[in-house]
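Okay, so here's the structure we're looking at.
The values are calculated or read from the model by the stated rules, or taken from the named source; none is laboratory data. Here the structure is a predicted model, which is why all the values come from computation and not from measurement. For neighbour counting, all protein chains shown are included, and Cβ atoms are generated from backbone atoms with ideal geometry for every residue, glycine included. For accessibility, only protein heavy atoms count, side chains too; no ligands or nucleic acids. Shrake-Rupley method; radii C 1.70, N 1.55, O 1.52, S 1.80 Å.
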Amino acid sequence: MNKISNFVKTCLPCVLGLAVFSSIAFSQLAEAKADTIDSKSNQRVILEKAGDIELGDLIERWASEMDHVFTETKILPKDNSNKLFDRLSIKDTAFRNYVAKIRRKDNQFARLVIGRTVQARLTPEGKVLSVRILRPVDVLSKNVTFFQVSRPTVKDKFTYGNKTVAFDVHPVAVSAVIDSTLDQASRNAKIPMNVLNQIKQQLTNCIDIRKDIQKNDSFSVVYERRQLEGVDLGAGRLLALEFYNQGKLIDAYWFEGDGVSGYFDSEGHSNEQVFIRMPTAARVTSAFNRIRRHPVTGRLRPHWGVDLGAPTGTPIYAASDGVISIKRYQRRGYGYYLSINHGKGYESLYAHMSKYAPGMKVGAKVKRGQLIGYVGRTGLVTGPHLHYELKRNGKQINPMTADLPMVEGISDSCMSQYQLAITPMKRQLALLGKLHLAQGTEPFKKN
């Protein structure tokens, strides 16, 4: 669906209301240090930021956009540029004519990629100021690349080109109490799906999320909200998690510093394995098995990996840090696949991809959790899935059950830096608890 926002009708009243609410509620709840800035990210947590809103600056900055309408859509199967422009409410013949004259090899509107986000900034009459096609970003991304056709004003000429720019990152804090399931509680709290997947990844290191999560368990999170020129790009990395499971606290905080990166608890210990067991958001459709009847050939043969069923286009992430050693196409086998050498005798393989992520080539270095490709159905398959293998010293092991090495904890030399970095997030989660108490609710119910 199109997302259309008009500042005059919607944004200004919300800003004024937020400012009034902030001046009353947050002045009572926030501590004297509530405007502390994370020295590493130079970002305030949004709830801490609310008490410091400057109405004059806000209105001045947004007043210039009062005559602009922002629209957004996703590229769908069987789309063409005209269908796309219609959904974006573009009524600009000059823009459509200009796009039609761009050389095909440069024109991404002539080579639409299903699933990509398209954003437009228009006048109320539907005249184009800018239209851009965004490339996907993952949790490791610091910037976004897009193809854009734009002009400063409707009196100016159009130009086009590819741009890469850094996006703004705003930490967002949310809490929830589980009434039925973790998924339902997250939906009720409007926690984005990619953040929920990261929450599950952290919990999986400590508990069986299918059996151990109970009613009245509760959790709070801080995650990144990404924006480009005021337009939302979606959620990014999970920054902090506090989960109360039957009275027991499971906590994880993201930290980067002095060659160390990962999630650690408040004391600096890590519960993470070096390898991600499920490198895509999916369900196991075929397990690791020494004898399996192949669904296409019907032959009995070993299945030295796991099949993870997911829709075509679902992102696939590197299981751990490493270097791409193989990138190849195999028509009667793996289809589009690649292998990553992680060192210390470990290798991982990802098969049946629909396509690779940009920059994937033999010799390229990748980081744990980096986007490497997308689920597909290439090669010898019956449906879209990722075939994932993990090898240790040349022999396949079951990535779901194998005893995998753990990430090292924070060293003594880094501990003071770590505690300083996570303090703003811990304070923000504590502030959420105060808000719940002020509303007469109990955010963390311990058994």
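Computed values, structure above
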read-out	value
Extreme residue, most open to solvent (accessible area, probe 1.4 Å), among residues of region 74-98 that are of a type outside the set (A, V, I, L, M), within 10 Å of Val128 (Cβ to Cβ) and part of a loop (DSSP other than H, G, I, E, B)	Lys91
Selected residue [in contact with a Pro (Cβ under 6 Å, 6 or more places away or on another chain), aliphatic (A, V, I, L, M) and either closer than 17 Å to Arg277 by Cα or not in a strand (DSSP E or B) (or both)] from Leu380, Leu390	Leu390
Residues that are touching an Asp or Glu at 6+ places or on another chain (Cβ under 9 Å), open to solvent by 40 Å² or more (accessible area, probe 1.4 Å) and of a type outside the set (A, V, I, L, M), drawn from region 99-135	Arg121, Pro124, Glu125, Lys127
Boolean, Gly379 is under 23 Å from Lys142 (Cβ atoms) and at pLDDT below 95	no
Matching residues, region 219-260, being free of Cβ contacts under 8 Å to residues at least 60 places away in the same chain and of a type in the set (Ser, Thr, Tyr)	Tyr223
Selected residue (criterion: most open to solvent (accessible area, probe 1.4 Å)) from residues of region 192-215 that are in a loop (DSSP other than H, G, I, E, B) and under 21 Å from Ile422 (Cα atoms)	Cys206
Residues being part of a loop (DSSP other than H, G, I, E, B) and surrounded by fewer than 17 Cβ atoms within 10 Å (Cβ to Cβ) - total across region 149-177	6
Members of region 226-260 found to be within 21 Å of Leu182 (Cα to Cα) and of a type in the set (D, E, K, R), listed by number	Arg237, Glu242, Lys248, Asp251
Criterion (hydroxyl-bearing (Ser, Thr, Tyr) and buried (at least 19 other Cβ atoms within 10 Å of the Cβ)) met by exactly one of Ser220, Ser180	Ser220
Members of region 281-318 that are aliphatic (A, V, I, L, M) and surrounded by 14 or more Cβ atoms within 10 Å (Cβ to Cβ)	Ala281, Ala282, Val284, Val306, Leu308, Ala310, Ile316, Ala318
Residues being closer than 16 Å to Tyr388 by Cβ and part of a strand (DSSP E or B) - total across region 295-324	11
Residue within region 225-234 that is closer than 24 Å to Gln273 by Cβ and surrounded by 15 or more Cβ atoms within 10 Å (Cβ to Cβ) present	no
Criterion: in contact with a Phe, Trp or Tyr (Cβ under 6 Å, 6 or more places away or on another chain) and surrounded by fewer than 16 Cβ atoms within 10 Å (Cβ to Cβ) - qualifying residue of Lys355, Lys361	Lys355
Region 138-148 - residue that is of a type in the set (Val, Ile, Thr) and within 17 Å of Ala120 (Cα to Cα) and, of those, most open to solvent (accessible area, probe 1.4 Å)	Thr145
Checking Gly257 against (1) at pLDDT 90 or above; (2) under 21 Å from Gln428 (Cβ atoms), the condition it does not meet	(1)
Answer residue from region 236-267, given it is open to solvent by 30 Å² or more (accessible area, probe 1.4 Å), part of a strand (DSSP E or B) and not acidic (Asp, Glu) and is farthest from Glu224 (Cα to Cα) among those	Lys248
Among (1) over 25 Å from the mean Cα position of the chain (by Cα); (2) among the small types (Gly, Ala, Ser); (3) within 15 Å of Gly268 (Cα to Cα) - the single one Gly394 does not satisfy	(3)
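For (1) part of a loop (DSSP other than H, G, I, E, B); (2) modelled with pLDDT of 90 or more; (3) not aliphatic (A, V, I, L, M), each residue gets a yes or a no:
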{"position": "Asn341", "(1), (2), (3)": "no, yes, yes"}
{"position": "Ser348", "(1), (2), (3)": "no, yes, yes"}
{"position": "Ser354", "(1), (2), (3)": "no, yes, yes"}
{"position": "Gln396", "(1), (2), (3)": "no, yes, yes"}
{"position": "Pro399", "(1), (2), (3)": "yes, yes, yes"}
{"position": "Phe444", "(1), (2), (3)": "yes, no, yes"}
